[in-house]
Amino acid sequence: MILSLLLALTPDASAIDYKWWGAGPQISTMLFPSAYPVSFPAGAKEDGKAGNDPLVDKVGFDLNIAGRAVLYPTSSGRLGARLQFGFGANAYANQEFTLEYELTLKKQGTLQVLAGGGIGVGHERFHSLENEGYLNVSYYPIRAEISGLLRDNTRAYELGLWATYHIAGSQNYYENANDLKPTDGKGDSLIAGSLYFGLGLEATVFFGDFKTDGKKSNNNSSSKSKDKNKKSSSGSSGGSLK
């Protein structure tokens, strides 16, 4: 059902008799905010109050490594999936999986400009360098991006800007690894005040099939019909001369 809906968003699906696809590695990093996240929940702060200092450290630098796959069901858009693993300063770590859809805004030769977004599931952990505490966050990412892609027959190189917002499912602060009793649970008022939002830059290399050997089927069928008409007309002309 979801696939049918996405295909409906891309016109002239029957006009292309080939499908591009590719898969490959991706690296990305966050550019804003300078220290992620914008704010922690109250339950991860001293005395559980919103105005207090956080008990875990923000992330000043992060690096995400992902595997990404895309499929072009038509020339107007593409489907994508991404599995990402990230790490950063202060022992930060995250895992994320998203499904995405992007529209082709512009095509010129081997260059494409695309824009779209995706949704998924994720988990991230924040630590502190001063104590043993850590914050576990399960979240649902909403992602938007715009990118430029340069391709040849078997490879494609893509550079993009992305924005993400993490809807927190649960946020649990643990005082240490031996005491697994969270001081802040899902549904508790102490989860209020958190804001997980970021802007970043990504680079991807795809390996796959990006050949343009396929032609529009409408053109093929029309050219074949023209050839048949020419042969039939020449045959009928020859018959009339006899």
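The values are calculated or read from the model by the stated rules, or taken from the named source; none is laboratory data. Predicted model only: the values in this text are computed from it and were never measured. Positions of Cβ are backbone-derived with ideal geometry, glycine not excepted, and every protein chain shown enters the neighbour counts.
Kindly provide the set of residues from the stretch 67-112 that are more than 20 Å from K19 (Cβ to Cβ), in contact with a Lys or Arg (Cβ under 6 Å, 6 or more places away or on another chain) and not small (G, A, S), ordered by number.
If the condition is that a residue be more than 20 Å from K19 (Cβ to Cβ), in contact with a Lys or Arg (Cβ under 6 Å, 6 or more places away or on another chain) and not small (G, A, S), then T98 is the only one that fits.
Got at least one residue in the stretch 60-69 being surrounded by 15 or more Cβ atoms within 10 Å (Cβ to Cβ) and among the β-branched types (V, I, T)?
Looking for residues that are surrounded by 15 or more Cβ atoms within 10 Å (Cβ to Cβ) and among the β-branched types (V, I, T), one finds none in the stretch 60-69, hence no.
Please enumerate the residues belonging to the stretch 163-217 that are modelled with pLDDT under 75, of a type in the set (S, T, Y) and part of a loop (DSSP other than H, G, I, E, B).
T183
Does N153 satisfy the criteria of being in contact with a Lys or Arg (Cβ under 6 Å, 6 or more places away or on another chain) and not in a strand (DSSP E or B)?
Criteria met by N153.
When residues of the stretch 119-140 are filtered for being within 23 Å of the chain's Cα centre (by Cα) and either assigned to a helix (DSSP H, G or I) or acidic (D, E) (or both), how many remain?
Residues meeting the conditions: 1.
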